[in-house]
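Novice: Got a structure for you, written out below as structure tokens; questions coming shortly.
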Amino acid sequence: MIFEPSTTRSILQRRSSASNTIQSALDGIAVTGVAWYLIDYHIGFITSDYVIMLLLLLGALAVVYDHYAIYRSNVGFAAKAFKLFKAWSAAFGFLVVMAFLTKQSEQYSRLLVAQLYVVGYFAQLLLHLAVREVQKRILAHSAQSENVLIIGSGGLASFLHHKISNNPWLGERVVGCVLAGAGNDRRRESSGRVQRLPILGTIADLDELVVRHSIRTVYFVTPLDGSEVIKDVYLKLLDKHIAVNWVPDIFALRLINHSVREIAGIPVLTLSETPLVGMRLFLKNLEDKVLAFLILLLAQPLLLTVAIAIKLDSPGPVFFRQERMGWSGEVFRIWKFRSMVVHKQEDGMVKQAEKNDPRKTRVGAFIRRTSLDELPQLFNVLMGEMSLVGPRPHAIQHDAQYSKGIAEYFARHNIKPGITGLAQVRGFRGETKDMEQMALRVDSDIEYINNWSLWLDFVILVRTLFAFTGKHAY
């Protein structure tokens, strides 16, 4: 049998709600109303330039608010206010950039635009608060919450239970869970009842439990190999007119920049992917090339001074070159100022630099302490082999060593290596004496990959100015 997805409806369909539609419409009306009033107050009539500005702003709001999930996330009001502020600022920032790029900024009143930014935000915030209060009142007078059953157990089931129980907007109450495994699973889960998720039985008890607790909704929380359980039970629940949801338990894996998307209407869960695709890769490269060129331009006298000092201090080359593993496992040769005397590797092994390392030269001790030895890596950045910010590349022999004890070690290579990174500004730099220290560094590197943004790069670069001359710089 050949699988043919439906051509009339995408499988990966986003759920909509009347309240979200109303909220988005109110936001659009509020922004339009505030803009209209301010234009009339300051200018007296609506010009074509301001009509174009308003249309661009509303279009940006539709895209940016969807990106920030303004209408899809149920969080506390303080968190919603902050998220709304970020999204509104991003949309407004797009508007300002477009005005400057098209050289139309002089056509608009700066006072009017500033007032629209401030008043527009607070108008939307008040409307979000009002809609929230109306929803609370409606829910308070609505029917009793629907009873929900979770099929599955463990950490993800408990997390789902916690989130449903603390989200009044869902109108659902978890009565407990049933175990999808054998009887010995019951004993293991029962010992962990600190999760406070009552275990009502096993799959064999499902029919009785559905009737006893008037279950209207079921959540499958299953491991990756649990598809057979879903297939068998799903048909039974379908006959009982029960809403069925599937929460695949993928979180036992170390996820790298995970996401949900669709291909021809087929839902695809991405477990591991580089964040540098499409426009993100272009922006990252642009950031790196521009900043690296400017830093090299400004640091020319310093680079020349360090090079002369190294040459006068000890015999040998000015630069140290070594093979490192980079993005997607590609090998490149890193540039650094030489900070040690020329020496042969012991038994072919690369030895990490240590505190009070006797191999360091006088100039080398200074440039390592101040991290000036890293400056030549700006050439690696210009050649596209490295980034200003990213996981620090290690010697290839060290990669092989640490990957044996850290299962997710090579996930660090899902993004370009950097001169500085999140691990470094947190103090996880320099010599790593044991596997636990390297694991902390890898955790920070993966956190950086999962949360990459230009803003995060900027924050790390600023923190680097204060982090690279501390006690771990040797």
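The values are calculated or read from the model by the stated rules, or taken from the named source; none is laboratory data. Model, not experiment: these values are computed from the prediction. Cβ: placed from backbone, ideal geometry, glycine included. Neighbour counts: every protein chain shown.
Novice: Restricting to segment 202-220, and then to whatever is of a type in the set (Ser, Thr, Tyr) and in contact with a Gly (Cβ under 9 Å, 6 or more places away or on another chain), can you tell me which residue is nearest to Leu160 (Cα to Cα)?
Specialist: Checked segment 202-220; the qualifying residue nearest to Leu160 (Cα to Cα) is Tyr219.
Novice: Please determine, by comparing only the residues of segment 301-342 that are in a helix (DSSP H, G or I) and over 22 Å from Arg369 (Cβ atoms), which one is modelled with the highest pLDDT.
Specialist: The residue in question is Trp327.
Quick grid of which residues meet (1) over 30 Å from Arg137 (Cα atoms); (2) of a type in the set (Val, Ile, Thr); (3) touching a strand residue (DSSP E or B) at 6+ places or on another chain (Cβ under 7 Å):
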residue	(1), (2), (3)
Ser24	no, no, no
Ile29	no, yes, no
Val34	no, yes, no
Asp40	yes, no, no
Gly44	yes, no, no
Asp49	yes, no, no
Ala60	yes, no, no
Asp66	no, no, no
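Novice: Of the conditions (1) of a type outside the set (Lys, Arg); (2) part of a helix (DSSP H, G or I); (3) exposed (fewer than 15 other Cβ atoms within 10 Å of the Cβ), Glu287 satisfies every one except a single condition; which number is it?
Specialist: Only one criterion in (1) of a type outside the set (Lys, Arg); (2) part of a helix (DSSP H, G or I); (3) exposed (fewer than 15 other Cβ atoms within 10 Å of the Cβ) is unmet by Glu287, namely (3).
Novice: In addition: Looking at segment 113-130, can you tell me whether even one residue there is in a loop (DSSP other than H, G, I, E, B), in the same structural domain as Thr32 (by TED's automatic domain parsing), free of Cβ contacts under 8 Å to residues at least 60 places away in the same chain and surrounded by fewer than 16 Cβ atoms within 10 Å (Cβ to Cβ)?
Specialist: Within segment 113-130, none of the residues are in a loop (DSSP other than H, G, I, E, B), in the same structural domain as Thr32 (by TED's automatic domain parsing), free of Cβ contacts under 8 Å to residues at least 60 places away in the same chain and surrounded by fewer than 16 Cβ atoms within 10 Å (Cβ to Cβ).
Novice: Give just the number: which of (1) in a helix (DSSP H, G or I); (2) at pLDDT below 85 does Phe251 not satisfy?
Specialist: Exception for Phe251: condition (1).
Novice: Considering segment 271-311 alone, what residues qualify as being among the polar types (S, T, N, Q) and within 22 Å of Pro417 (Cα to Cα)?
Specialist: Ser272, Thr274, Asn285 - these are the residues of segment 271-311 that are among the polar types (S, T, N, Q) and within 22 Å of Pro417 (Cα to Cα).
Let's see how each residue does on (1) closer than 30 Å to Ser109 by Cα; (2) of a type in the set (Asp, Glu); (3) modelled with pLDDT under 80; (4) surrounded by fewer than 16 Cβ atoms within 10 Å (Cβ to Cβ):
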| residue | (1), (2), (3), (4) |
| --- | --- |
| Ile11 | no, no, yes, yes |
| Thr47 | yes, no, no, yes |
| Tyr50 | yes, no, no, no |
| Met53 | yes, no, no, no |
| Gly59 | yes, no, no, yes |
| Arg72 | no, no, yes, yes |
| Ala79 | no, no, no, yes |
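Novice: While we're here: Taking interchain pairs and intrachain pairs at least six residues apart, which have beta carbon atoms under 9 angstrom, with the first residue in segment 201-214 and loosely packed, with under 14 Cβ neighbours inside 10 Å and the second in a helix (DSSP H, G or I)?
Specialist: Asp207/Lys236
Novice: A further question follows. If we only count helices (runs of 4 or more DSSP H) wholly inside segment 364-470, which ones have 2 or more residues that are in contact with a strand residue (DSSP E or B) (Cβ under 7 Å, 6 or more places away or on another chain) and either outside the structural domain of Gly326 (by TED's automatic domain parsing) or under 30 Å from Pro317 (Cβ atoms) (or both)?
Specialist: So the answer is 377-382, 396-403, 454-467.
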